[in-house]
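Since every read-out is calculated from the coordinates, none of them should be taken as a lab result. Just so it is clear, the structure is predicted and the values come from calculations on it, not from any experiment. Note that we place each Cβ from the backbone using ideal geometry, even for glycine, and neighbour counts take in every protein chain shown.
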Amino acid sequence: MPDIHVVRKDNRHLYEAYFDPYFRLRHEIYVKQRKWMALERPDGREIDQFDTEEAVYLFCIENNQLIGAMRAVPTLMPTLMSELFPHLNLRGPIHRSDVYELSRIFVIPERRGEHAGPRIDMLLLTAIMEYGLSTGLTGFSIVLESWWLPRFERCGWKAHPLGVPHMMDGMSVLAVLVDCDEGTWTTLCSQIGLSRPVLTWRGLTGVSRRSLPDISTRVQPAAQQAQ
Ligand code: COA
């Protein structure tokens, strides 16, 4: 199973070699494949104003190759929702230390839709819950396309709409607040057959973390065998 690494300002120096491929992959996926042309950059690296040193990245790495990733930005800082899409959030801006905004979740095309082991997208959704629980977060705000909602429903993510969907560039987009709670994390772990936390915290011994509940006994035997 690939490792999911937490990368933050405290340990970014250990992952410097991954950042250039990471930003190039974002350009390839979002600009070239998804045609989000507003993100196009002449140097072929998709970087925006939310890639600050406060951003937290989950890097899914296998055999030294980045195969998926996700970004989390503190809502105490400017976010996609507060700066670019405020009209999607009818409840007013979210500026909370216990809520991070998620964005730029992707899996490289060759590793999408896999069924042989835990799917990479599911691993990332599980890993970000683990990150949130470990660091005391209670929720994630997200600006997303509405096709995510049935996926969230299936995997147990509780997404609360903050407004109504808007059509933007042919996409139905809305703002949601997702609960970060133990129940969601343990359900996901059970669904994908994880009997232990999945995150790698290399170089982050200085970061204070809450201990997570023991899930080793809650996983179905069949799922354990599949690991
Ligand atoms: N529009 C509508 N539905 C989509 C979609 C899109 N752009 N991308 C994925 N889906 C849905 C579809 O229901 C799809 O089912 P299908 O096979 O019948 O089309 C299902 O998700 C499976 O998606 P798939 O891409 O095969 O694999 P996955 O579940 O392993 O990965 C993503 C899902 C989103 C991680 C992956 O598609 C990806 O990296 N996409 C590019 C980055 C991106 O758009 N991220 C979201 C915005 S930040």
In whole Å, largest first, the alpha carbons of the range 98-227 cover along the principal axes 44, 35, 26
Taking a crude spin-label model, label points 7 Å out from Cα along the C-beta direction, the HIS160 to GLU182 distance in nm is 2.0
Taking the alpha-carbon centre of each part, the distance from the range 11-59 to the range 156-203 in Å is 21
Taking every DSSP bridge whose two residues both lie in the chain, the antiparallel percent to the nearest 5 is 85
Sorted by chain and number, the residues with a modelled amide H under 5 Å from that of ILE108, at a separation of 5 or more or across chains, are GLY68
Taking max minus min of the Cα coordinates of the range 3-226 on each principal axis, largest first, gives extents in Å of 46, 39, 36
Karplus ³J(HN,Hα) for the range 93-101 (6.51 cos²θ - 1.76 cosθ + 1.60, θ = phi - 60°; Hz, whole; x = Gly/Pro) runs x, 9, 10, 9, 5, 9, 10, 10, 9
For the pair LYS32 and GLN65, the simple spin-label estimate (label points 7 Å beyond Cα toward Cβ) gives in nm 1.5
Looks like the range 118-163, by Cα gyration tensor root eigenvalues a ≥ b ≥ c and the a/c under 1.5 rounded cutoff (else prolate when a/b is bigger than b/c, oblate otherwise), is oblate
With the label point 7 Å along the Cα-to-beta-carbon line of LEU76 and a cut-off under 20 Å to each amide N, the hits in the range 191-209 are 204-209
Distance in nm between HIS87 and ARG202 label points, each 7 Å along Cα→Cβ, equals 4.4
Taking the chain and counting helices only, DSSP H stretches of n ≥ 4 at -39,500 (n - 2.57) each over all residues, the nearest-500 ellipticity at 222 nm comes to -7000 deg cm²/dmol
